[in-house]
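Trainee: Next up is a structure, given as structure tokens.
The values are calculated or read from the model by the stated rules, or taken from the named source; none is laboratory data. Given the structure is predicted, the values throughout are model-derived calculations rather than measurements. Note that each Cβ is placed from the backbone with ideal geometry, even for glycine, and that neighbours are counted across all protein chains shown. The accessibility values were calculated without ligands, DNA or RNA, using every heavy atom of the protein model including side chains. Shrake-Rupley method; radii C 1.70, N 1.55, O 1.52, S 1.80 Å.
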Amino acid sequence: MAAASRISSLLSRSLLSKGRICGLGRSVVCSYTTAAALEKPITPSINVNYTKLLINGNFVDSASGKTFPTYDPRTGDVIAHVAEGDAEDINRAVSAARKAFDEGPWPKMTAYERSRVLFRFADLIDQHTEELATLETWDNGKPYEQAAKIELPMISRLIRYYAGWADKIHGLTVPADSPHLLQTIHEPIGVAGQIIPWNFPLLMFAWKVGPALACGNTVVIKTAEQTPLSALYAAKLLHEAGLPPGVLNVVSGFGPTAGAALATHMQVDKLAFTGSTETGKIVLELAAKSNLKPITLELGGKSPFIVCKDADVDKAVELAHFALFFNQGQCCCAGSRTYVHESVYDEFLEKAKARALKRSVGDPFVTGIEQGPQIDSEQFEKIMRYIRSGVESGATLETGGERIGDKGFYIQPTVFSNVKEDMLIAKDEIFGPVQSILKFKDINEVIRRANTTSYGLAAGVFTQDIDTANTLTRALKVGTVWINCYDVFDAAIPFGGYKMSGQGREKGIHCLSNYLQVKAVVTPLKDPAWI
């Protein structure tokens, strides 16, 4: 809860606004704090030292010698050129991981020894917060304060959580119906292939690597091509903590080459993927067509945020704003369908628009900035297409809807009203700073409408009535329901979706089963004193 409270406090700040006129085919008065987006960007204070692939404990060039650029979303300029891994590099990484699992010390260490490595890694994360947060902001565009004060503490906490689990994973002795000793043993699954997204590069690195290593597995992780830098730095720290060579291998590259090679590799025993539902379907098919490796999928969402008639409107507006605009709207569980009861709809709408107008947008390295740029030109153009679609389909553009500046990928915080379920902005995962506000009459209606989607990742409920909260909690077909809060990501809370939002769970005790095999061992008992 503390982390979530800090997030909400951090992102609710606003600076004095400056007036400007914007609109898509209509006059919309806007007054955003955008000066920082128009000024010369701050130059980060660190050097990029790790751009090669990490295979078998060493930073190496790709087999092809190719590199690709990673860009600063504030400007579109190149930050660095990174080794471009492909199928051959995945082969090298998997071979190293396979050998480390079959012959190396990691799975043969005591669980306590493995936990000590992970605890040291968490300490190193805390010691290198500035470097890691700077790389995360530079490569991704998220506010530095968010990365340094919120995400990095969450990451080290999660690593410590799984370090604590390492020596508490055990089987059972099972009563038998015959003179036999029955035992279950929990074994590491082997080589885990992991594919992570660009919106939370370090957090997703931790969500994947932490439980896999705690269970005694070895790992090949493919980072998103948009954000390769922070994971390489974190992997270097993990080896400083004492991780043996080959246990963790990091391949930077593209989905159709490196990602597909990892998903189809016959020596990979388990696959975990976080990303879009469309890509998740492809990954699932590739895994099935190869060696039928088990797969965990954490996919897209179109999460409802339901404001009931008894809500404190001011608090509901702030929480709904946070639920949607956090991380530039680039969050799989963003509260991107804001359902508001008709009795408070008009008041909510005016205050939601006013809150969007106060949002500070600009260089994410500037203190007090709430919203940085979108990740890249492709995502920027996708969001702008959805905004145009909203206008063309008849939704009311209350504020925003345009680009900020002429360099980088900044978008004005955007609010639509009079949104209907058949509009694309109400159906599709936009993954951007676009709030769609819908009106409802009663609980049964909003339950039906909220569940009429192919997604089922999360939901928010804002009410002072415990009976209403309980009714909605049980009726909504989603993996997480936040009551009068949002985006609370404690390390122990399982996270995952219903329907096309994925399969399996990340975090918490439930995640450990993703990386373990259960073996039954049966031994005859000769003349036992008891059975």
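Trainee: Please go through (1) open to solvent by 40 Å² or more (accessible area, probe 1.4 Å); (2) touching a residue at least 60 places away in the same chain (Cβ under 8 Å); (3) in contact with a helix residue (DSSP H, G or I) (Cβ under 6 Å, 6 or more places away or on another chain); (4) over 22 Å from GLY190 (Cα atoms) for ASP126 and return the number of the only condition it doesn't satisfy.
Mentor: (2)
Trainee: Across the stretch 294-315, which residue is farthest from TYR455 (Cα to Cα) among those that are basic (Lys, Arg) and in contact with a Ser or Thr (Cβ under 9 Å, 6 or more places away or on another chain)?
Mentor: Keep residues of the stretch 294-315 that are basic (Lys, Arg), which gives 302, 309, 315.
Filter again for in contact with a Ser or Thr (Cβ under 9 Å, 6 or more places away or on another chain), leaving 302, 309.
Working: LYS302: 6, LYS309: 25 Å.
Result: LYS309.
Trainee: Out of the stretch 326-366, which residues are open to solvent by 10 Å² or more (accessible area, probe 1.4 Å), in contact with a Pro (Cβ under 9 Å, 6 or more places away or on another chain) and of a type in the set (S, T, N, Q)?
Mentor: SER336 - this is the single residue of the stretch 326-366 that is open to solvent by 10 Å² or more (accessible area, probe 1.4 Å), in contact with a Pro (Cβ under 9 Å, 6 or more places away or on another chain) and of a type in the set (S, T, N, Q).
Trainee: Okay, next question. Out of ALA469, ALA491, ALA520, report the one residue that is of a type in the set (Gly, Ala, Ser) and out of contact with any Leu (no Cβ under 9 Å at 6 or more places or on another chain).
Mentor: Numbers: ALA491 fails: out of contact with any Leu (no Cβ under 9 Å at 6 or more places or on another chain); ALA520 fails: out of contact with any Leu (no Cβ under 9 Å at 6 or more places or on another chain).
Going through ALA469, ALA491, ALA520 in turn, just one is of a type in the set (Gly, Ala, Ser) and out of contact with any Leu (no Cβ under 9 Å at 6 or more places or on another chain): ALA469.
Trainee: Quick check on my filter: what residues within the stretch 294-310 are open to solvent by less than 10 Å² (accessible area, probe 1.4 Å) and basic (Lys, Arg)?
Mentor: Across the stretch 294-310, the qualifying residue is only LYS302.
Trainee: Here is a follow-up. Of all residues being part of a loop (DSSP other than H, G, I, E, B) and charged (D, E, K, R) in the stretch 367-384, which is most open to solvent (accessible area, probe 1.4 Å)? Just the residue, please.
Mentor: From the stretch 367-384, those part of a loop (DSSP other than H, G, I, E, B) are 367-370, 372-376; that's our starting set.
Then keep just the ones that are charged (D, E, K, R); that gives 370, 376.
On the way: GLU370: 1, ASP376: 34 Å².
Among those that are part of a loop (DSSP other than H, G, I, E, B) and charged (D, E, K, R), it is ASP376.
Trainee: I've got another one for you. Take the residues in the stretch 471-506 that are free of Cβ contacts under 8 Å to residues at least 24 places away in the same chain and of a type outside the set (Ser, Thr, Tyr); name whichever of them is farthest from LEU152 (Cα to Cα).
Mentor: Here is the first cut: in the stretch 471-506, the residues free of Cβ contacts under 8 Å to residues at least 24 places away in the same chain are 473-474, 481, 483, 493-494.
Now restrict to residues that are of a type outside the set (Ser, Thr, Tyr): 474, 481, 483, 493-494.
Working: ARG474: 33, VAL481: 24, ILE483: 25, ILE493: 18, PRO494: 19 Å.
Per the criteria, the residue is ARG474.
Trainee: Please note which strands (runs of 3 or more DSSP E) are completely contained in the stretch 23-79 and include at least 2 residues that are at pLDDT 95 or above and open to solvent by less than 40 Å² (accessible area, probe 1.4 Å).
Mentor: Numbers: elements: 28-30, 53-55, 58-60, 67-71.
Filter on the stretch 23-79 gives 53-55, 67-71.
Trainee: Would you be able to say whether some residue in the stretch 461-474 is touching a strand residue (DSSP E or B) at 6+ places or on another chain (Cβ under 8 Å), not in a helix (DSSP H, G or I) and not aliphatic (A, V, I, L, M)?
Mentor: Scanning the stretch 461-474, I find at least one residue that is touching a strand residue (DSSP E or B) at 6+ places or on another chain (Cβ under 8 Å), not in a helix (DSSP H, G or I) and not aliphatic (A, V, I, L, M), so the answer is yes.
Trainee: Within the stretch 415-438, can you find the residues that are touching a residue at least 60 places away in the same chain (Cβ under 8 Å), buried (at least 20 other Cβ atoms within 10 Å of the Cβ) and of a type outside the set (Val, Ile, Thr)?
Mentor: SER417, ALA426, GLU429, PHE431, GLY432, PRO433, GLN435, SER436, LEU438
Trainee: Going through the stretch 511-531 one residue at a time, which ones are open to solvent by 40 Å² or more (accessible area, probe 1.4 Å) and either among the basic types (Lys, Arg) or at pLDDT 95 or above (or both)? Lay out the reasoning, then the answer.
Mentor: Of all residues in the stretch 511-531, those open to solvent by 40 Å² or more (accessible area, probe 1.4 Å) come to 513, 517-531.
Answer for the stretch 511-531, where residues must be open to solvent by 40 Å² or more (accessible area, probe 1.4 Å) and either among the basic types (Lys, Arg) or at pLDDT 95 or above (or both): SER513, GLN517, VAL518, LYS519, ALA520, VAL521, VAL522, THR523, PRO524, LEU525, LYS526.
Trainee: Turning to a different aspect of this structure: In the set ALA111, ALA133, which member is open to solvent by 10 Å² or more (accessible area, probe 1.4 Å) and at pLDDT 95 or above?
Mentor: Working: ALA133 fails: open to solvent by 10 Å² or more (accessible area, probe 1.4 Å).
ALA111 is the lone residue from the list that is open to solvent by 10 Å² or more (accessible area, probe 1.4 Å) and at pLDDT 95 or above.
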